[in-house]
Amino acid sequence: MELLSYTFFLFFLIAGEEVCANAQDRRMKTLTHHHHTYGRFRPTKLFVFGDSYADTGNNPMSLASSWKAPYGATFPGKPAGRYSDGRVLTDYLARFMGIKSPLPYKFRKYGPGKLRCGLNFAYGGTGVFDTGNLLPNMTTQIGLLQRLIKDKVYTKRDLKASLALFTVSGNDYDAYTSNGGTEEGLPAFITNVVNQMAIDLKRVHHIGIRRVLVTTLQPIGCLPRQTVYSSYKQCNETENTASEYHNQLLQEVVATLNNNTKESSFIILDTFSAFKTVLDSKTVLTGNSKFSLKPCCEPTRIDANCGSLDKNGKELYTVCNEPESMFFWDTVHPTQAGWRAVYLTLRSSLNSINA
Ligand SMILES: *[C@@H]1O[C@H](CO)[C@@H](O)[C@H](O)[C@H]1NC(C)=O
Ligand SMILES: *[C@@H]1O[C@H](CO)[C@@H](O)[C@H](O)[C@H]1NC(C)=O
Ligand SMILES: *[C@@H]1O[C@H](CO)[C@@H](O)[C@H](O)[C@H]1NC(C)=O
């Protein structure tokens with residue numbers, strides 16, 4: 001089963017278009033050229049560092065839920081390594097840029113043409129520090145790109161035409177808690193995490209990537225794994241306060257980083273506010289029913305996850321009929337519809353990439 005979907009996936013990659021930019025992008029470039037707006041930055045490559053909010057297939061097929069049914073049911077129609085029923089933030093950012101979603105690093109050997117879109121180094125479950133899963137932390141992820149630069153896969157000129165996305169969505173804090181970290185110690189640990197983010201962001205820019213996007217920490221108290229205790233009625237505000245503290249520190253370090261570069265090289269993508277806006281709004285941007293806090297794919301046992309099977313192969317989860325009307329896919333990740341709504345909310349702030 002695993003092997004079959006792997007083979008199919010490779011076929012899919014090889015059969016895909018060789019060029020990175022899509023038709024719309026080529027049209028836009030012609031337009032831009034015609035009007036002599038040479039000052040605008042139009043990145044043609046995307047390099048992604050982060051966790052499951054950005055991973056599009058790097059995690060091991062044999063272990064990760066992202067490669068199990070019912071993940072990927074909406075897009076591409078079968079499990080393909082995304083922690084959602086379909087597209088995630090990376091895919092929507094690539095769409096905004098007018099390029100194809102960058103290939104997961106793991107598949108770099110199978111789609112040479114697609115290296116032109118950049119690469120995705122994000123691994124679900126990782127953090128800036130090690131989170132106890134033997135997957136590459138952010139330091140190691142950045143090192144993977146550095147090695148490719150050393151091997152001349154990407155040139156200085158490529159990097160100058162590139163955008164980086166950096167997602168840190170809380171795995172460091174989960175690891176902190178499961179390692180017995182105390183509530184009193186949390187503010188100091190949040191400071192450590194954000195300071196490490198600053199080191200990583202600076203390094204990505206120093207490598208030569210012209211502009212670096214970094215997401216704020218989403219309202220972690222609104223994730224279904226928390227709201228389940230109130231039957232998905234309300235967010236845990238104590239946890240959201242931790243997100244806000246993280247984000248406040250992040251704003252400060254990013255302001256300092258920008259102060260030390262000629263142009264504003266670092267841009268905050270405020271996913272915290274976008275999640276809040278989308279979850280609080282009375283109507284969804286795409287329809288007329290409000291998103292709830294309930295996940296589409298819901299475990300039926302406390303020790304199960306979306307995608308879990310019991311020893312007889314029976315599903316330990318239920319899946320909703322209309323994932324397109326739900327914000328959350330599983331207990332921590334948005335659906336494709338959720339990401340799309342977040343993306344539409346963030347789109348105006350994405351324009352500063354091109355400034
Ligand atoms: C990242 O991982 C590497 C390899 O496991 C480790 O040596 C390094 O200390 C880690 N970096 C951080 C900041 O935790
Ligand atoms: C909110 O989260 C905190 C920290 O995880 C926890 O101690 C508290 O019990 C939670 N409150 C509710 C109402 O679930
Ligand atoms: C930015 O630089 C100016 C001048 O050096 C300084 O006064 C200001 O405090 C700096 N701001 C930040 C956020 O570092």
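The values are calculated or read from the model by the stated rules, or taken from the named source; none is laboratory data. If you're wondering where the values come from, they're calculated on a predicted model, not measured in any experiment. Note that each Cβ is placed from the backbone with ideal geometry, even for glycine, and that neighbours are counted across all protein chains shown. To get the accessible areas, we keep the full protein, side chains included, count just its heavy atoms, and leave off ligands, DNA and RNA. Shrake-Rupley method; radii C 1.70, N 1.55, O 1.52, S 1.80 Å.
Some points to look at:
- Inter-probe distance in nm under a simple model that places probes 7 Å from Cα toward Cβ, at N258 and T191: 2.4
- Using a cutoff of 8 angstrom between alpha carbon atoms and counting only pairs six or more residues apart, the relative contact order for the range 42-280 works out to 18 percent.
- Only aspartates and glutamates eight or more places from K233 in sequence, or on another chain, were considered; those with a Cα closer than 14 Å are D280.
- The spacing between the range 58-123 and the range 137-194, judged by their C-alpha centroids, is 18 Å.
- About the centre of its Cα atoms, the range 42-280 shows a dipole size close to 1800 debye [charges on the beta carbon of Lys, Arg (+1) and Asp, Glu (-1) only; nearest 20 debye].
- Distance between modelled label sites at K311 and E237, nm, 7 Å Cα→Cβ extension: 4.6
- Average Cα contact separation per residue, the range 189-289, under 8 Å, 6 or more apart, as relative contact order %: 35
- Projection of the Cα convex hull of the chain, averaged over all directions and equal to a quarter of that hull's surface, yields 18.2 nm².
- For the chain, a Gaussian network of Cα nodes joined below 10 Å ranks S65, S231, S84 by mean-square fluctuation, and the top entry is S231.
- A viscosity of 1.002 mPa s and a temperature of 20 °C, combined with the Kirkwood radius over Cα pairs in Stokes-Einstein, give a translational diffusion coefficient for the range 33-162 of 139 µm²/s.
- Peptide ranges 154-161, 242-249 listed from the most packed, as the mean C-beta count within 10 angstrom indicates: 242-249, 154-161
- For the range 242-355, the normalised intensity computed at q = 0.22, 0.23 Å⁻¹ comes to -1.14, -1.19 (log10 of I(q)/I(0), Debye sum over alpha carbons, equal scatterers, no solvent).
- Here the range 42-280 has 52 percent of its accessible surface on carbon and sulfur atoms, given a 1.4 Å probe and all protein chains in place.
- Averaged per residue, the range 300-355 has 52 square angstrom of accessible surface, using a 1.4 angstrom probe with ligands and nucleic acids left out.
- Simple spin-label estimate for R225 and V319 gives 2.2 nm between the two label positions (7 Å along the Cα-to-Cβ direction from each Cα).
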